[in-house]
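Written out below as structure tokens is the structure these notes cover.
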Amino acid sequence: MILSIIGIAFLVFMMLRVPVSISIGAAVLVALNFSAFSTSTYIIPQQIIEGAGNPTLLAIPFFIMTGNLMNASGMTDRIFNFANALVGHMRAGLAQVNVVSSMIFAGISGAAVADCAGLGRIEIKAMRDRGYPAPFAGALTVASAVIGPLIPPSLGLIIYSFLSSTSVARLFLGGIVPGLLVAASLMIYNAFVLDVRKLPKPEKRSWSSIRSTAIDGIAALVAPGFILAAIVGGFVTPTEAGIIASFYSLVLGLIYRSLSLAAIWHALTQTVFITAVIMMIIGFSTAMGWLITIEQTPQMLAQSIIESIENPFAFIAVLLIFLIIIGAFVEGIPAMLILVPVLLPAVDAFGIDRIHFGLIIQMALLIGIATPPMGIGLYIVSEVGQIKFEALTMAIIPFVFVLIAVLFLIAFVPQSVLFLPDLILGPQ
């Protein structure tokens, strides 16, 4: 009952073009009036403060700031140049560079939006100049941005850790193989599907060229390894790692003399704005989670699912289709905040590992950045690359199928996620 009211109210507010953060809060207030706590509106601000004040979430603004500072300081150019020297000579060279650049940048920012906005500008221009169709370049940029929130650090996985009471280190390690699988799948698609006969022949790169670009960008390239090793090794918490990463990005920009005061100020204001929106969503979602939990909705939903679906593989298949559809209409973080508390009882009942489920829901919702009508990645790349939205939407379709294929692979092969956490940290 309560979940239905929340869902209907949320959709109505979204159709009225109310911002997502406000839509969630308004839907909670509407549902509260139909609950046994209709006179206890003071509970809502209490839950908002409790949710947004969780210490685990302190890592979010620092990793956002890291990505913003990297973009502002021109580190993305150095990453692109290194990737170009490394794989630019391969079949469909610049298309492969696009994927490898995103994979490297993923270990720094952990946000798909930062990838689309920062690397996207460089990648699309370079591909256009070499004769690649603009819609293809834009579509590949959006698809490769999915790698960002899979390979650590990842804002989505930090939030999932908070919601599911799971280890951030295990989630980060669990995201490495899925991220590499996405990258490999996109590169295979580029090599065998793209008609390279109509494109300029890739230039051969010497070892000295690779070495010089690696040295030029070494400071940015080693950052992901340090961040992951420090967290997994237990030397720092995710929040401390975020602080170190943002400070490191700032120092790099000053050393390379590529950061002006105006650029630093812009990076800081963008960080504050994005963090404020995310924290509002988390706060309202915490209140929503409390309301549906107190009404025993997750338990009743889990019971009805178990009664109608007995096979865990059938449950996973239905879950994937459901998540992909939801991701097309609701942004990843709000969707995760709404769905995780509801789905966890069913996930536990079917014996699905919570780390495994975390990567499943993370990637399933991430595909939403590449699918209309929400498709935030499509809107950003359309603006950054000056590409018609309709053409970009048509060009992304094959890439979406590639991403869905990888999603089904990691969903039905749990060891693709659990192998590294179990190997490095030991079985749970």
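The values are calculated or read from the model by the stated rules, or taken from the named source; none is laboratory data. Predicted, not measured: the structure shown is a model, and the values here were computed from it. Counting neighbours? That spans all protein chains shown, and the Cβs are built from the backbone with ideal geometry, glycine included.
Hey, any hits in the stretch 251-264 for a residue that's touching a residue at least 40 places away in the same chain (Cβ under 8 Å), in the same structural domain as residue 159 (by TED's automatic domain parsing) and among the charged types (D, E, K, R)?
Step one: filter the stretch 251-264 for residues touching a residue at least 40 places away in the same chain (Cβ under 8 Å), giving 252-253, 256, 258-259, 263-264.
From what's left, in the same structural domain as residue 159 (by TED's automatic domain parsing): 252-253, 256, 258-259, 263-264.
Pick out the ones that are also among the charged types (D, E, K, R) and you get none.
Looking through the stretch 251-264, none of the residues is touching a residue at least 40 places away in the same chain (Cβ under 8 Å), in the same structural domain as residue 159 (by TED's automatic domain parsing) and among the charged types (D, E, K, R).
Checking the condition under 30 Å from residue 378 (Cα atoms) and surrounded by fewer than 21 Cβ atoms within 10 Å (Cβ to Cβ), which residue from 254, 320, 261 passes? First the steps, then the outcome.
Values: 254 fails: under 30 Å from residue 378 (Cα atoms); 261 fails: under 30 Å from residue 378 (Cα atoms).
Step by step, each of 254, 320, 261 is checked, and only 320 is under 30 Å from residue 378 (Cα atoms) and surrounded by fewer than 21 Cβ atoms within 10 Å (Cβ to Cβ).
Restricting to the stretch 1-60, count the residues that are within 28 Å of residue 168 (Cβ to Cβ), small (Gly, Ala, Ser) and either at pLDDT 75 or above or not assigned by TED's automatic domain parsing to the domain that holds residue 331 (or both).
Count: 3.
Inside the stretch 7-100, counting only helices (runs of 4 or more DSSP H) that do not spill past its ends, which hold 2 or more residues that are closer than 24 Å to residue 272 by Cα and without any contact (Cβ under 8 Å) to a residue 60 or more places away in the chain? Give the derivation first.
Numbers: elements: 20-32, 43-52, 59-72, 75-87.
By residue number, 20-32, 43-52.
Among the residues of the stretch 377-391, write down those that are touching a residue at least 12 places away in the same chain (Cβ under 8 Å), part of a helix (DSSP H, G or I) and over 20 Å from the mean Cα position of the chain (by Cα).
Within the stretch 377-391, just 391 meets the criteria.
Six or more apart or on different chains, Cβ under 8 Å: which pairs go from a residue in the stretch 139-167 that's under 17 Å from residue 289 (Cβ atoms) to one that's charged (D, E, K, R) and surrounded by fewer than 24 Cβ atoms within 10 Å (Cβ to Cβ)? Could you list them?
Listed by first residue and then by second, the contacts come to 164/354; 166/354.
Report yes if some residue within the stretch 412-420 is over 20 Å from the mean Cα position of the chain (by Cα), of a type in the set (A, V, I, L, M, F, W, C), buried (at least 16 other Cβ atoms within 10 Å of the Cβ) and not in a helix (DSSP H, G or I); otherwise report no.
Taking every residue of the stretch 412-420 in turn, none turns out to be over 20 Å from the mean Cα position of the chain (by Cα), of a type in the set (A, V, I, L, M, F, W, C), buried (at least 16 other Cβ atoms within 10 Å of the Cβ) and not in a helix (DSSP H, G or I).
Is it the case that residue 184 is within 22 Å of the chain's Cα centre (by Cα), hydrophobic (A, V, I, L, M, F, W, C), in the same structural domain as residue 65 (by TED's automatic domain parsing) and modelled with pLDDT of 70 or more? Full working, then the answer.
Values: within 22 Å of the chain's Cα centre (by Cα): yes; hydrophobic (A, V, I, L, M, F, W, C): yes; in the same structural domain as residue 65 (by TED's automatic domain parsing): yes; modelled with pLDDT of 70 or more: yes.
Yes; evaluated as a whole, the condition is true for this residue.
Restricting attention to the stretch 226-251, and to residues there that are small (Gly, Ala, Ser), within 22 Å of the chain's Cα centre (by Cα) and surrounded by fewer than 19 Cβ atoms within 10 Å (Cβ to Cβ), which single residue is nearest to residue 58 (Cα to Cα)? Step through it out loud before you land on a result.
Step one: list which residues in the stretch 226-251 are small (Gly, Ala, Ser), which gives 229-230, 233-234, 241-242, 245-246, 249.
Subset that is within 22 Å of the chain's Cα centre (by Cα): 229-230, 241-242, 245-246, 249.
Within this subset, residues satisfying the condition of being surrounded by fewer than 19 Cβ atoms within 10 Å (Cβ to Cβ) are 229-230.
Details: 229: 19, 230: 17 Å.
Here the residue is 230.
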